[in-house]
Amino acid sequence: MLPFKILDLPLNTDDEAVRAAYRRLILEFPPESHPDQFKQIRNAFESIETEGKRITHAMGLDPTLKQEYTESPLETALSYLQNDPQPTPPPESDFYQFLKA
């Protein structure tokens, strides 16, 4: 689920903008005539309605993401570091290629 995309909001949005987008969309897609879209909009709103929830979602720790992915990005990084506590850095050329992208 991509709540920012569903609510058509930028990642750096605030609480009021989230509420306004939610109100606008539920008027456009009322539950009586669009139950599936309403449910999707409601779930998106509930996952990012406060700043804390938006930060949690951005860090990949949103519990709703567990249904789509096996691990959050943070869990993946931690397991990588636990398996290889002295990882070798990538070559310098890879770093510059990454910056160009």
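Points to keep in mind about this one:
- Members of region 18-29 found to be touching a helix residue (DSSP H, G or I) at 6+ places or on another chain (Cβ under 7 Å) and either modelled with pLDDT of 95 or more or of a type outside the set (Val, Ile, Thr) (or both), listed by number: TYR22, LEU25, PHE29
- Subset of region 42-101 that is among the basic types (Lys, Arg) and within 21 Å of LEU11 (Cβ to Cβ) - its residue that is modelled with the lowest pLDDT: LYS66
- Scanning region 2-17 for residues that are part of a helix (DSSP H, G or I) and either touching a helix residue (DSSP H, G or I) at 6+ places or on another chain (Cβ under 6 Å) or of a type in the set (Ser, Thr, Tyr) (or both) yields PRO3, ILE6.
- Among all residues of region 12-34, there is at least one that is closer than 26 Å to THR76 by Cβ, surrounded by fewer than 12 Cβ atoms within 10 Å (Cβ to Cβ) and not aromatic (Phe, Trp, Tyr).
- Summed over region 1-60, residues that are over 10 Å from the mean Cα position of the chain (by Cα) and free of Cβ contacts under 8 Å to residues at least 40 places away in the same chain total 39.
The values are calculated or read from the model by the stated rules, or taken from the named source; none is laboratory data. Nothing here was measured: the structure is a model prediction, and the numbers come from that model. Every residue, glycine among them, receives a Cβ derived from its backbone with ideal geometry; neighbour counts consider all protein chains shown.
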